[in-house]
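This report refers to the structure that appears directly beneath it.
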Ligand SMILES: NC(=O)c1ccc[n+]([C@@H]2O[C@H](COP(=O)([O-])OP(=O)(O)OC[C@H]3O[C@@H](n4cnc5c(N)ncnc54)[C@H](O)[C@@H]3O)[C@@H](O)[C@H]2O)c1
């Protein structure tokens, strides 16, 4: 079990939405929390409102994420929980995506998490009390759908990164645990993501509400709900934090299609 009370936590993308919701719930459980975000004014305002420490960082830049770690260690002297959550979510069909679309999406949503793991994993490993990583993915990585191609590519990457890391931590007997947070539809600011896009890299990605494609019956949660679900998963060292367990039939249908492909033809005899 990861102890939240008395811990020091870092949450990226903490100025808004899910990140802010997680930070608030960690603080409610007795953690000291630094929130890092690309938007200086928003992160300072959010930190003042929830009682966190604000840091400005663009997670797509390794040096910024290293700066977050340096500042957290300087201020708090330790780090126990890291939530790699910052992300953007605009839409376009794959045929319309420019290379700048792909690079921006992958830089923020996948390299942002890679940077967080690269910088913080050694610090958590060096913590005598162990530590916990949370990486924010999406239901769109379990049930991918049209127009979220570049987004789903990054979230599949976050799945792979987190599941391989979980296996490696377990086989090494590490005191560090990792949770994959898989949100469904959550009321946040993600439908205004394109404001973060570098001005010199235009493309086809356009803002739209991310949950719309999940299904018309999809329930919308508040960030505070996701915060509570995430803190529960951290405290129980759960490998997954699922916000919409009622979405399992759609996930099972996808896996049934994959299973059918496995069973369609008999195996070919190969050399032993
Ligand atoms: N809202 C949903 O329905 C939903 C569903 C599945 C997954 N998610 C994921 O949840 C995470 C949080 O998104 P949200 O819905 O809370 O959106 P949000 O826009 O409310 O919050 C995202 C935060 O990340 C920050 N950010 C964006 N680019 C950044 C960068 N390069 N460096 C640092 N900070 C940056 C933004 O300023 C913002 O404060 C994302 O990874 C998103 O993909 C959201």
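Cα centroids of segment 229-272 and segment 92-108: 27 Å apart.
For segment 1-88, taking Cα atoms only, Rg and Dmax work out to 11.6, 35 Å respectively. Assign one of three labels to segment 128-194, namely rounded, prolate or oblate, based on the Cα gyration tensor with a ≥ b ≥ c the square roots of its eigenvalues; rounded applies when a/c is under 1.5, prolate when it is not and a/b is larger than b/c, and oblate otherwise. The shape class here is prolate. Remark: spin-label model distance residue 252-residue 93 equals 3.3 nm, labels positioned 7 Å along the Cα→Cβ axis. Rounded to the nearest 500, the 222 nm mean residue ellipticity of the chain from helices alone is -13500 deg cm²/dmol, with -39,500 (n - 2.57) taken per DSSP H run of at least 4 residues. The antiparallel fraction among DSSP beta bridges confined to the chain stands at about 5%. Centroid-to-centroid, using Cα positions, segment 168-208 and segment 146-163 are 9 Å apart. Along its three principal directions, the equivalent ellipsoid of the chain from the Cα gyration tensor extends over semi-axes of 29, 24, 18 Å, largest first.
Only the coordinates and a few stated rules stand behind these numbers; no lab work does. Please read all numbers here as calculations on a predicted model, not as lab measurements. Backbone-built Cβ (ideal geometry, glycine too); neighbour counts: all protein chains shown.
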